[in-house]
1. Filter the stretch 54-72 for residues that are touching a residue at least 24 places away in the same chain (Cβ under 8 Å) and part of a helix (DSSP H, G or I) and give the result.
2. Determine if the stretch 2-9 includes at least one residue that is closer than 18 Å to L141 by Cβ, in contact with a Gly (Cβ under 9 Å, 6 or more places away or on another chain) and not β-branched (V, I, T).
3. Picking from T170, T144, T174, which residue would you name as being within 20 Å of the chain's Cα centre (by Cα) and buried (at least 21 other Cβ atoms within 10 Å of the Cβ)?
4. Scan the stretch 44-92 residue by residue and report those that are buried (at least 18 other Cβ atoms within 10 Å of the Cβ), under 16 Å from A137 (Cα atoms) and among the acidic types (D, E).
5. Does A119 satisfy the condition of being modelled with pLDDT under 95, of a type outside the set (S, T, N, Q) and within 21 Å of K14 (Cβ to Cβ)?
6. Might you let me know whether the stretch 11-22 holds any residue that is within 23 Å of G95 (Cβ to Cβ) and either without any contact (Cβ under 8 Å) to a residue 12 or more places away in the chain or more than 14 Å from the chain's Cα centre (by Cα) (or both)?
7. Scan the stretch 152-169 for residues that are part of a loop (DSSP other than H, G, I, E, B), charged (D, E, K, R) and within 30 Å of V195 (Cα to Cα) and report the count.
8. Could you check how many residues of the stretch 133-151 are out of contact with any His (no Cβ under 8 Å at 6 or more places or on another chain), in a strand (DSSP E or B) and either free of Cβ contacts under 8 Å to residues at least 60 places away in the same chain or under 30 Å from A194 (Cα atoms) (or both)?
Amino acid sequence: MTARLVLATSNQAKVLELCRILAADPALAGVQLVAGAQLGLPDVEETGDTFAENALLKAHAAVAACGLACIADDSGLEVKALGGEPGVRSARYAGAHGDDQANMALVLQRLGGLPDRTARFVCVAALVAPDGREWTAHGTLAGTLAEAPRGSNGFGYDPIFQPSGERYTTAEMTAEAKDAISHRGKAFRAIAAAVRQLVDQSSPPMSTA
């Protein structure tokens, strides 16, 4: 019997990244990761004021729709000189949801010639079981913003984000190097303990097939 865990996101780039991060944990070898799109999960409007609220909102909605344990995240970019923007609006900063190029362009435009280009990536991962139990884990990655996009790996703001102490943007790094330090890698490695807890239990919080 294989435990199934649903990744509650319609972002295929994020699905690949989450599968890569979670699959690297040998303790989760018995877990089958299922993309929400495979189950036809509906998109959920991100109405929360914090990353944690939005992550839990998406995870709970996914559980209600499919009846399986679901994991979701909300993540984004916080720029110091912009008062923490785009924050929870990172994916829709320029208007349309998921327009990475427009979002990056708007951030760079609003930064203009400001000397402080300090920023950080933030991620909150949320795991919700069918019985309503929930867990969250946080991860951050500090850095600065480049003057122009560099690199073609990753997604979102990766081409303009240069982690502290690194020569490259996260879009210029290999997947393995990025996962080792990224906000999402930190959050999902932290919540993996809760996933293992569900897997190890004989009660039905994680449906099996």
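The values are calculated or read from the model by the stated rules, or taken from the named source; none is laboratory data. Keep in mind the model is a prediction, meaning the values are calculated, not measured. Note that we place each Cβ from the backbone using ideal geometry, even for glycine, and neighbour counts take in every protein chain shown.
1. Applying the first criterion (touching a residue at least 24 places away in the same chain (Cβ under 8 Å)) to the stretch 54-72 yields 54-56, 58-63, 65-72.
Result: N54, A55, L56, K58, A59, H60, A61, A62, V63, A65, C66.
2. No; the residues of the stretch 2-9 include none that is closer than 18 Å to L141 by Cβ, in contact with a Gly (Cβ under 9 Å, 6 or more places away or on another chain) and not β-branched (V, I, T).
3. Values: T144 fails: buried (at least 21 other Cβ atoms within 10 Å of the Cβ); T174 fails: buried (at least 21 other Cβ atoms within 10 Å of the Cβ).
It is T170.
4. D73, D74
5. Numbers: modelled with pLDDT under 95: no; of a type outside the set (S, T, N, Q): yes; within 21 Å of K14 (Cβ to Cβ): yes.
Here the answer is no, as A119 does not meet what is asked.
6. no
7. Here the count works out to 0.
8. 7
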